[in-house]
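Scroll down for the structure; my scribbles are underneath it.
Just so you know, all these numbers are worked out from the coordinates, no wet-lab data involved. Because the structure is predicted, anything quoted here is derived from the model rather than measured. Cβ coordinates were reconstructed from backbone atoms using ideal geometry, including for glycine residues, and neighbour counts include every protein chain displayed.
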Amino acid sequence: MSLANFIEERIREAMEAGEFDNLEGAGKPLDLDSYFNTPEDLRMGYSVLKSAKIVPEEVDRLKEIGELKERIKSSTDESEKRRLIVILNERVLAFNLLMERNKRKR
């Protein structure tokens, strides 16, 4: 059996077993704009990272900052709010330092 036939057989078996039924984005059109707007030499690497759900450190830090802001808003305990504000300020400072470091690298 050739490699191509082996692969086709495995795909067919997976389809019959329903392994492709609940894929993320199923039934939605593909948005290839961001792919083709990415420089050609970076496309493959970015695609691999995106598929693995790995994001740049800056994105993780911004997400954490947003979550802290929401927790501060919803907190009714003043001591908890003060503690969260201290953590938020630390995270904002760390984010700003990271961005400054990235700017210098360019």
Restricting region 48-97 to residues that are of a type in the set (Lys, Arg) and exposed (fewer than 11 other Cβ atoms within 10 Å of the Cβ), the residue that is nearest to the chain's Cα centre (by Cα)
Lys53
Show the residue pairs that are 6+ apart or on different chains and have beta-carbon atoms under 6 Å apart, the first residue being within region 1-28 and free of Cβ contacts under 8 Å to residues at least 40 places away in the same chain and in a loop (DSSP other than H, G, I, E, B), the second being loosely packed, with under 10 Cβ neighbours inside 10 Å and basic (Lys, Arg).
none
Within region 82-91, does at least one residue satisfy the condition of being on the phi < 0 side of the Ramachandran plot, touching a residue at least 24 places away in the same chain (Cβ under 8 Å) and basic (Lys, Arg)?
yes
Residue list for region 25-41, restricted to those being surrounded by 10 or more Cβ atoms within 10 Å (Cβ to Cβ) and closer than 22 Å to Lys103 by Cα:
Thr38
